[in-house]
Structure formats: C-alpha cells, structure tokens
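Notes to accompany the following structure.
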Amino acid sequence: MPVVEIKLWKGRTREQKAEMAEGITKIISEVGKTAPEHVHIVFTDVDKADWAIAGKLSDE
C-alpha cells in the first residue's frame, strides 16, 4: 500500500487537490503495479510562516 504525503503552502483549492490526487494515483499505480484503491495520499496544508527555505521563513 503506497502512502504519498504532500505538504503544500495553504491556498490550493479542493479541486486542485482532487486533480493532483487523480494524477498521482494514476502514475503510482501504473509504475508501482498496484491497484488505485491501494494508493493513499495525504495532503498537509502549511502556513508560509511555518516553512523555511535557505534559513528564512517563507512569509518574509
């Protein structure tokens, strides 16, 4: 059972996440030779203030 965790800055719509989930499930099931119903995807929305890149908070 593949589990894919995706962390994103807040702001993506439900429709965008649904489209991502569909595409990711398709590629994982095809390449990984597993049934789509066995692919689990977890989206985690993160505030920019809680994410740092190169030592700087992303909301700066």
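No value in this document is a laboratory result; all are computed from the given coordinates. What you see is a predicted model, and the numbers here were worked out from it, not measured in a lab. Here the Cβ positions follow ideal geometry from the backbone for every residue, glycine too, while neighbour counts run over all protein chains shown.
Structure above, values below:
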read-out	value
Single condition Arg12 does not satisfy, out of (1) part of a loop (DSSP other than H, G, I, E, B); (2) of a type in the set (D, E, K, R); (3) free of Cβ contacts under 8 Å to residues at least 24 places away in the same chain	(3)
Subset of region 44-58 [free of Cβ contacts under 8 Å to residues at least 12 places away in the same chain and either part of a loop (DSSP other than H, G, I, E, B) or hydrophobic (A, V, I, L, M, F, W, C) (or both)]	Ala49, Ala52, Ile53, Ala54, Gly55, Leu57
Flag for Lys48 being touching a Phe, Trp or Tyr at 6+ places or on another chain (Cβ under 7 Å) and surrounded by 10 or more Cβ atoms within 10 Å (Cβ to Cβ)	yes
Filtered residue count, region 28-40, keeping only those that are surrounded by 11 or more Cβ atoms within 10 Å (Cβ to Cβ) and without any contact (Cβ under 8 Å) to a residue 12 or more places away in the chain	2
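Residues are listed down the side, and each one gets a yes or a no for (1) in a strand (DSSP E or B); (2) loosely packed, with under 14 Cβ neighbours inside 10 Å:
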| position | (1), (2) |
| --- | --- |
| Met1 | no, yes |
| Val4 | yes, no |
| Lys7 | yes, yes |
| Lys17 | no, no |
| Val42 | yes, yes |
| Glu60 | no, yes |
